[in-house]
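This report refers to the structure that appears directly beneath it.
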Amino acid sequence: MDYIYQGRCPVYASFFGAMGCSMAMVLSSLGAAYGIAKSGIGISAVSVMRPDMMVRNLMPPILAGILSIYGLVVAVIIAPSVKEKSALHTNFMQLGAGLTVGLSCLSAGFTIGIIGDAGVRAAGQQPRAFVSMMMMLIFAEVLGIYGLIVSLLLLTQSAKAGEITVCAY
């Protein structure tokens, strides 16, 4: 029986949960940082010619900054459940949840940055382009929300799985 516990609850299992926690935060912050930086370049360029549009064009960096909050939510949920004695499959699900939200937010941040840069430049020349830029930004933001939803589903399943396998060694 001790062999079964050792197979399902090795001492290195919590490493994968901790990596899920850190990957959620690091990758989503990278996506947010890229989105803010890339769209900020476009805002700076347009603000020289059209300073009246500066506040209106702040939507891309704001939406990019929200991406890091999605990673923070998942990391805060994972962090308290990372324990020395925990099942391997629970920690693998936590790793999967962290990578899911992190990579989704990374891709959303790249998308928001590129759309934001080109969109604010286009809106600076033609103000009617602002609405289409906002529509594209919303679709880009939803990529991060999809990752958050799937991560929360994975974490719900990992919490249920943790009740089944008891690691008492």
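Quick notes on this structure:
- Only DSSP H runs of four or more residues enter the estimate; each adds -39500 (n - 2.57), and after division by the residues of the chain the mean residue ellipticity at 222 nm equals -29500 deg cm²/dmol.
- A 1.4 Å probe, protein heavy atoms only, puts the accessible area of Cys9 near 0 Å².
- Cβ screening of the chain for cysteine pairs under 4.7 Å finds these without a partner: Cys21, Cys105.
- A Gaussian network model of the chain, with springs between Cα atoms under 10 Å, assigns the largest mean-square fluctuation among Tyr70, Tyr12, Tyr34 to Tyr12.
- Average accessible surface area per residue within the chain, 1.4 Å rolling probe, Å²: 52 Å²
- Heavy atoms of Ile41 accessible to a 1.4 Å probe, total area in Å² rounded to 10: 100 Å²
- Based on alpha-carbon atoms, the Kirkwood radius and the radius of gyration of the range 10-83 give Rg/Rh equal to 1.25.
- Relative packing of 16-23, 43-50, which averages over residues the other C-beta atoms within 10 Å, highest first: 16-23, 43-50
- Surface composition of the range 62-169: carbon and sulfur atoms hold 75% of the protein heavy-atom accessible area at a 1.4 Å probe.
- Relative contact order (%) - criterion: Cα under 8 Å, at least six apart; region: the range 1-77: 44 percent
The values are calculated or read from the model by the stated rules, or taken from the named source; none is laboratory data. The model shown is predicted, which means the values in this text are computed figures rather than measured ones. In this analysis, Cβ positions are derived from the backbone assuming ideal geometry, glycine residues included, and neighbour counts consider all displayed protein chains. The protein model used for the area step is the full one, side chains on, heavy atoms only, and it has no ligands, DNA or RNA in it. Shrake-Rupley method; radii C 1.70, N 1.55, O 1.52, S 1.80 Å.
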